[in-house]
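Read-outs: derived from the displayed coordinates by stated rules, not from any lab. Only a predicted model underlies this, so the values are computations on that prediction, with no experimental measurement involved. Every residue, glycine as well, gets a Cβ built from its backbone with ideal geometry; the counts of neighbours run over all protein chains shown.
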Amino acid sequence: MRPSPKWCYAGAMPTRVRDRSREMFRERLAEALSEVFVARGFDDVTVAEAARAVGISRATFFRYFSSKEDAALASVEGSNFDFGAVLADLDLRPDDSCWSLLQRTFRHSLAGVGGATSSQLDQLRMIHATPSLRARLSFRRLQLEPSLTAALVGHGVPADRAHTAAMAGLAALEVAWERWALHESPSLARALDEAFADLTAADKPISAG
């Protein structure tokens, strides 16, 4: 006998709850592991040592993370910002350029990030100081390019120009994160404004300063 729709629906709920519980545990585990990496040095601690420090087995570690790099970046990438969707929903202003659209997109998406704790800033500094982590994070951010390009095209930007702008915008975002993490800017929002101001100023003749 085929289960009734009622029972099908009721049976799906525990699965979603379990998935959310697993996700929440993974996020907490990533935070704890990142604190170990920051305290001991990412390259100086093994998976087994990090797992033991947070009270789990090596097998449990690999149940949630594919590698040390995956664990270190999970606390930073735990919130998946859908930049493309935000950009697509923006109202186009008469004076908007690709730069202003991307800047508004990142500012809106990251509005709640400015209150990062000192521990989270330590994690960002560790990532920027570790070549393997920095390269992997940059690669993952580049995977956001197609959705940004599509959203710019949706606003009427030619495809080739949209692709170039999306790539440059993501580079500006990375510069902003770095300046903020290294205390070169008081907030992520300020760092974003500075990075995009530099991008806009790059169009000026070099002799103009």
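Tell me, what HN-Hα J-couplings in whole Hz come from the Karplus equation 6.51 cos²θ - 1.76 cosθ + 1.60 at θ = phi - 60° for each residue of the range 56-65, using x for Gly and Pro?
Along the range 56-65, the couplings run 10, 8, 4, 5, 5, 3, 6, 6, 10, 9 Hz.
With only Lys, Arg, Asp and Glu charged, each at its Cβ (+1 for the first two, -1 for the last two), find how big the charge dipole of the chain is about the Cα centre; round to the nearest 20 debye.
Numbers: 25 positive and 26 negative charges, 218 e Å.
Using only the charged Cβ atoms, the result is roughly 1040 debye.
Rank F106, F42, F81 by mean-square fluctuation in a GNM of the chain with C-alpha springs under 10 angstrom and give only the top-ranked residue.
Among F106, F42, F81, the largest GNM mean-square fluctuation belongs to F81.
Have a look at the chain and give its Rg and Dmax from the Cα atoms, expressed in angstrom.
20.6, 80
Taking only Cα atoms of the range 138-209, what ratio of Rg to Rh do you get with Rh as the Kirkwood inverse-distance radius? Display every interim value, and only then the final one.
Details: Rg = 13.7 Å, Rh = 13.2 Å.
Result: Rg/Rh = 1.03.
Considering only H155, W177, Q143, whose Cα is most displaced toward the positive end of the charge dipole of the range 142-194, charges sitting on Cβ of Lys, Arg (+1) and Asp, Glu (-1)?
Positive-end residue among those listed: H155.
For the chain, what are the DSSP H helices with axial Cα length of 15 Å or more and mean Kyte-Doolittle hydropathy of at least -1.0?
Values: long enough: 5-40 (53 Å, -0.55); 98-109 (16 Å, -0.50); 118-129 (16 Å, -0.33); 131-142 (16 Å, -0.43); 159-181 (33 Å, 0.19); 188-201 (19 Å, 0.54).
Long hydrophobic helices here: 5-40, 98-109, 118-129, 131-142, 159-181, 188-201.
Only Cα pairs under 8 Å and at least 6 apart count here; give the relative contact order of the chain as a rounded whole percent. Present the calculation step by step, with values, prior to reporting the outcome.
Numbers: 163 pairs, mean separation 41.2, N = 209.
Relative contact order, the chain: 20 percent.
Taking Cα centroids, how far is the range 91-107 from the range 143-182 in Å?
Centre-to-centre (Cα) distance: 11 Å.
Check which residues have an amide H placed less than 5 Å from E184's amide H, if you skip close sequence neighbours.
For E184, whose amide H was placed from the backbone, there are no distant partners under 5 Å.
If you take the charge dipole of the chain about its Cα centre, with +1 on Lys and Arg Cβ and -1 on Asp and Glu Cβ, which of T130, A165, V38 is farthest toward its positive end?
So the residue we want is V38.
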